[in-house]
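A short worksheet on the structure shown next.
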Amino acid sequence: MKSLRIRQQILVLCVCSVFIPLFIIGLYSILQARRQLSDRYHAQIADAALRINSTIFDITTSLYSSCENLAKASYLSSLLGADEPVSAEDALFRQAEDTLSTLRVTTAAVSAIHIYTDNPNLPTGAHIIPVENYDAMPWLLTTENKFLGDWQCLPVADSWGNPVYELTLIRQLAPSSARYTAFLVVSVDHNYMKNRMLDSDYLVMASVDNTPAFYASESGWVQKYIPFPEGTLEDYYSYTGQLFIDGTKQLANIITFLPYRTSNRFYICVADKHFYENIDRITSAYVFILIMVTILPLFSVFVFSAAFDKRLQLLKEVMHQVRMGDYNVSRFFGGDDELNEIYSDLTATVKKIEEDEARFYQGQLDRQKLINRQQEIEFKMLSNQINPHFLYNTLETIRMQALAAGCRDVVSSIKLLGQSMHYVLENTGNDSTTLEKELAYTETYLSIQKLRFGNRINWQISCPEGFHASEYKILPLLIQPIVENAVVHGLECRKEEGMIYITLEEEPSGLLMIWVADNGKGMTAPELTELNARLSAVASDSGSSIGLYNISQRIRLLYGIESGITISERQDGGTEVLLKIPVRRNEEG
C-alpha cells in the first residue's frame, strides 16, 4: 500500500502546487480578457450609435433651419391667404414656386417639398397643391403646436414605383387670412440618409416617437418596431446590453435625442449580431488553450506516476513471491535507477537460493520418481479391475467359449447381455441417441426377459406408415426403464400371454408421443392419482415412482416443463404410460 501512497503524494503535490494555481490564474486571465473585450465592443457600438445620432440630428436640424425662413416669408403668407382667385402667372405664386424649387434642388437632403392648402383661390403648381381637406393626406396632424412642426415617417414611391419610407417634416404655415390653413411638407431623401449613415456590419435602426423605423440598414427591418427591452418614456432613453433580434442574441445600444424645436423623440438602435459569437469563440479558444496547458502536463505526471507505481508494484509482488517460496521471478524490470539496482540484487539472491535448494531437492525427486512409477502401475491395475469395458470384453470371451462348447442358449443370453451393456457403455455421458437405437436396446432387454419368463413376455411396436425411427433424437435409456417398470410391476402376476405395447406417433403440434402399455394387473384410480402426483415431487420411499420420477425430471430438464410422463388405466386392463417430448430431428439420419 506504500506505493499507492507515494503515487498519491506525487499527484496531490503536482495538482496542489502547479495545476490548481495555473488553472486559477488562467481562468482569471480569461475572465479579464473577456471583460476587456466586452468593454471594447460596448464602447465601439456606443460610439457608432452616437455618430448616427449626430448624423440624424444634423440632417433634421439643417432641414428645419432651411424651412424656417420660408415659413416666415410675408409674401407666402399673403399668397396663401388670398381672397381672390390667383392665376399660375401671378408674381407671388411664381415667386413661391421658384423658392420651393430652388430649395428642393439646392438641398441634397430634400427629396420632395410641397405646400398643401385648403384655399380654393390658388392654382395647382409643382409644389403648391390646393386640397379640399387633409383627411386624404398620408401625414397625420398629431402635434398640438403644428406651427413648430412634426417629424413623421411617410411612404413615397421611388423612381420604379416601389414604396419607400422617408422621414418627413410637417409644419403648419400662417396664411394672412384666418379662413385658410396651409402645411409645409418636406421629405428627407432616403438615399441621402443612407449615404450619411454608418457603413458597417452593424444593424442600424432609427425611428421617430413610438412608430416603426423610418430607416434600417437591413431592408427587412424598415417599418418594424425597434425591439426595446424596457420602457421608452424617458426623454433621453439609453440602453446597452443583450437584445434578441430575429431570435438571435445580439449586443445592442439604444439611445434617443430630442430634435430641434419639435416635440418628437428620435430613437437610434445599433446592434452587433456577431458580438456574442465572436466573444464566445475567442473565450472558447482561450479555454481550450488553458485546458491543453493544464491537461497535457497533468497527463504527463499521471503517466509518469502510473509507470513509477507499476514498477513499485512489480517489485513488491516479486518480493512477496520470493517470501512465499516461489523463486520463478521475471528477469526484466526496466529503468536505469535505484529501483532497477534493488531488483537486480533481489534476482541475484533468488538465483543463489534456487541453486542451493536444487541440490537439496534432487535426491528427494529421484526417490519420488520411483514411488510415482509404482503408483502408476497400481493405478493401471485398479483401472483394469473397474473398467466396464473389461467386463464387456470378458462377457465376449465367455460367449465365444460357450459357442465353442455348443451351448447355444448360453451364447444367445450372453450375446443379448453384451449388446445391452454395449449400448449402456456407448451412451454413458451422452445426452442423445436415435429413437431407432433406443428401440433396439429396448427389444434387447425384452429378449433377455423372454429368455427368463418365456410366453409371459411378449411385445409389439407400432408406428404410423412413413414413420422412421432413425430420424428422431431422444435421451438415451428413456424407453427401456418404462418398459422394465411395466414388466416388473405389470406382468409379474400373469402366467402367460403377457403383452407390452409400444406405440409411436408424431403430433402436428411438434410433439413425439410414445405410449408404453401392458395388459397386467393395472392400478386403481386412487393409486393412479397418487402416482401422477408423486411424479411432480421427489419420492422418499422405494417403489416404481422413483424410477418414473427420474425419467420425468430428465425429460423436463432437457425439453422443458411441457414435456413429461402421464400414467393412465387401459380400457382393456393394465396400465398405459404416455411419454411426451418435443420432436428433434437426427441431422445425420
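The values are calculated or read from the model by the stated rules, or taken from the named source; none is laboratory data. Just so it is clear, the model here is predicted, and its values are computed rather than measured. Counting neighbours? That spans all protein chains shown, and the Cβs are built from the backbone with ideal geometry, glycine included. Each accessible area value is taken on the protein alone, full model and side chains, heavy atoms only, with ligands, DNA and RNA left out. Shrake-Rupley method; radii C 1.70, N 1.55, O 1.52, S 1.80 Å.
From the list K352, K310, K316, the lone residue that is at pLDDT below 85 and over 24 Å from R7 (Cβ atoms) is K352.
In this structure, V110 qualifies as closer than 26 Å to S200 by Cα, hydrophobic (A, V, I, L, M, F, W, C) and in contact (Cβ under 8 Å) with a residue 24 or more places away in the chain.
Results for (1) under 22 Å from T168 (Cα atoms); (2) in a loop (DSSP other than H, G, I, E, B); (3) in contact with an Asp or Glu (Cβ under 7 Å, 6 or more places away or on another chain), shown as yes or no for each residue.
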| site | (1), (2), (3) |
| --- | --- |
| S200 | no, yes, no |
| A206 | yes, no, no |
| T211 | yes, yes, no |
| Y239 | no, no, yes |
| K249 | no, no, no |
| N253 | no, no, no |
| N264 | yes, yes, yes |
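The residue that is farthest from the chain's Cα centre (by Cα), counting only those in segment 64-86 that are in a helix (DSSP H, G or I), more than 13 Å from P175 (Cβ to Cβ) and touching a residue at least 12 places away in the same chain (Cβ under 8 Å), is L70.
Does segment 77-91 hold any residues that are of a type outside the set (S, T, Y) and under 13 Å from S177 (Cβ atoms), and which are they?
Answer for segment 77-91, where residues must be of a type outside the set (S, T, Y) and under 13 Å from S177 (Cβ atoms): L79, L80, G81, A82, D83, E84, V86.
Taking (1) open to solvent by less than 20 Å² (accessible area, probe 1.4 Å); (2) farther than 30 Å from S207 by Cβ in turn, V287 satisfies each apart from (1).
Going by what's in this entry, would I129 be described as touching a residue at least 12 places away in the same chain (Cβ under 8 Å), among the aliphatic types (A, V, I, L, M) and outside any strand (DSSP E or B)? So I129 does not fit the description; no. Residue check, N69 against (1) open to solvent by 50 Å² or more (accessible area, probe 1.4 Å); (2) in contact with a Gly (Cβ under 7 Å, 6 or more places away or on another chain), all met but one. Which one? Single failed check for N69: (2). For segment 27-47, what are the residues that are open to solvent by less than 20 Å² (accessible area, probe 1.4 Å) and under 41 Å from the mean Cα position of the chain (by Cα)? Selection gives I30 alone. Kindly indicate whether any position in segment 226-237 is under 47 Å from the mean Cα position of the chain (by Cα), loosely packed, with under 14 Cβ neighbours inside 10 Å, in a helix (DSSP H, G or I) and not acidic (D, E). Taking every residue of segment 226-237 in turn, none turns out to be under 47 Å from the mean Cα position of the chain (by Cα), loosely packed, with under 14 Cβ neighbours inside 10 Å, in a helix (DSSP H, G or I) and not acidic (D, E).
Taken together, the criteria exclude L50 from residues that are surrounded by 14 or more Cβ atoms within 10 Å (Cβ to Cβ) and over 28 Å from H190 (Cα atoms). Residues in segment 60-114 that are modelled with pLDDT of 90 or more, in contact with a helix residue (DSSP H, G or I) (Cβ under 9 Å, 6 or more places away or on another chain) and closer than 22 Å to V164 by Cβ: L100, L103, T107, A108, A109, V110, S111, A112, I113, H114.
Looking only at residues of segment 87-123 that are surrounded by 18 or more Cβ atoms within 10 Å (Cβ to Cβ) and part of a loop (DSSP other than H, G, I, E, B), we find that the one that is farthest from the chain's Cα centre (by Cα) is L122.
Taking F19 as the residue in question, decide whether it is open to solvent by less than 20 Å² (accessible area, probe 1.4 Å), without any contact (Cβ under 8 Å) to a residue 60 or more places away in the chain and aromatic (F, W, Y). Here the answer is no, as F19 does not meet what is asked.
Taking the criterion of being under 20 Å from R51 (Cα atoms) and either open to solvent by 10 Å² or more (accessible area, probe 1.4 Å) or among the polar types (S, T, N, Q) (or both), the residues of segment 260-271 that qualify are Y260, N264, R265. Among the conditions (1) open to solvent by 40 Å² or more (accessible area, probe 1.4 Å); (2) under 30 Å from Y134 (Cα atoms), the only one that L184 does not satisfy is (1). Scanning segment 460-481 for residues that are more than 58 Å from the chain's Cα centre (by Cα) and either buried (at least 20 other Cβ atoms within 10 Å of the Cβ) or among the acidic types (D, E) (or both) gives E465, Q480. For the residues M324, M381, M292, the requirement of being loosely packed, with under 10 Cβ neighbours inside 10 Å and modelled with pLDDT of 75 or more singles out M324. Checking every residue in segment 225-239 against the condition of being in contact (Cβ under 8 Å) with a residue 60 or more places away in the chain and not hydrophobic (A, V, I, L, M, F, W, C) gives zero matches.
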